[in-house]
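A short worksheet on the structure shown next.
Just so it is clear, none of the values below were taken in a lab; they were calculated from the coordinates. Just so we're clear, the structure is a prediction, and the values are computed from it rather than from any experiment. Don't worry about glycine lacking a Cβ; one is built from the backbone with ideal geometry, like all the others, and counts go over all protein chains shown.
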Amino acid sequence: MTIKLYGHPFAAFVWKPLIAAYERGVPFEFCMIDADHPENCARIVELSPTGQFPALTDGAREFTQSNPVIEYLDRIGSAAPMIPKDPDAALVARMLAGVFDAYVAEPMQQVVAEALRAQEQQDARRVSEAKARLDKAYAWLAGRIGNGWAGGGPFGIADCAAAPALFYADWVHPIPAGPLKTYRARLLARPSVARVVDEARPYRPLFPLGAPNRD
């Protein structure tokens, strides 16, 4: 059977399983979700309650949501898993992945979504509230990120979540200098992360706030 991963290379939550697959050397077929691939668009509607991606299929097995997709990829091959075997370390890793998803990626996407609205429908209050949430998340994470990876052990699921969340969040609301900013740079130097950044580079004109060229 061929593993199929459905998504778009510019989508933050699609980066997560892409990074995991590249880290672990898992072969897969990428199924692009765009107007040029209507068959994939139709399939994602079947796989996801709202048609959001990523989603993964492996024969009869079907999964949506980025974290379960990463957990499934951990079953493939013999490379180090993205979720630690130790139960306590696994709990910390899942917790941090959830923090990056809910408290960094989501408010970042709220700022982007606001910029995509017609100008007369944009709400500066919503943007301000989202950026305030980012400030709180930045401060919390800066106190917990050391000189290595997010969970304190090997590169894993928390780092898969951190890479796209911090990459795009710094575009919409710059991360202050310090441990979190340094961690973002360390992530971007990781070969698996650098690969997804490069694969997404052609789609930067889609970013409504003007994509910086520094990364």
Discussion item. What does the extension gain come out to for ASN147 and GLU62, with contour length at 0.36 nm per residue minus their alpha carbon separation?
Written reply: 26.9 nm
Worksheet item: Over the chain, what is the relative contact order in whole percent, taking alpha-carbon pairs under 8 Å and six or more residues apart?
Response: 24 percent
Worksheet entry | Sum of -39500 (n - 2.57) over DSSP H runs of 4+, divided by residues of the chain (222 nm, nearest 500) | -16000 deg cm²/dmol
Worksheet item: Which aspartates and glutamates, on any chain, are close to LYS136 with Cα under 18 Å apart, when same-chain ones fewer than 8 places away are left out?
Response: ASP101, GLU106, ASP170
Worksheet, complete the sentence: Calculating Cα extents along the principal axes in Å from this structure picks out, from (i) 45, 38, 37; (ii) 48, 42, 29; (iii) 56, 36, 33, entry (ii)
Worksheet, complete the sentence: With x for Gly and Pro, the residue-by-residue ³J(HN,Hα) of the stretch 49-65, computed from phi through the Karplus equation 6.51 cos²θ - 1.76 cosθ + 1.60 at θ = phi - 60° and given in whole Hz, is x, 10, x, 7, 10, x, 9, 9, 10, 9, x, 7, 7, 9, 9, 10, 6
Discussion item. For LYS4, give me every one of the lysines with a C-alpha distance below 23 angstrom, ignoring sequence neighbours fewer than eight places off in its own chain.
Written reply: LYS16
Item to complete: Restricting to the chain, compute how many DSSP beta bridges are antiparallel as a %, nearest 5.
Response: 65 percent
Practice prompt. Could you pull out which residues in the stretch 131-151 have an amide N less than 17 Å from a spot 7 Å beyond the Cα of ASP88, following the Cα-Cβ vector?
Written response: 151
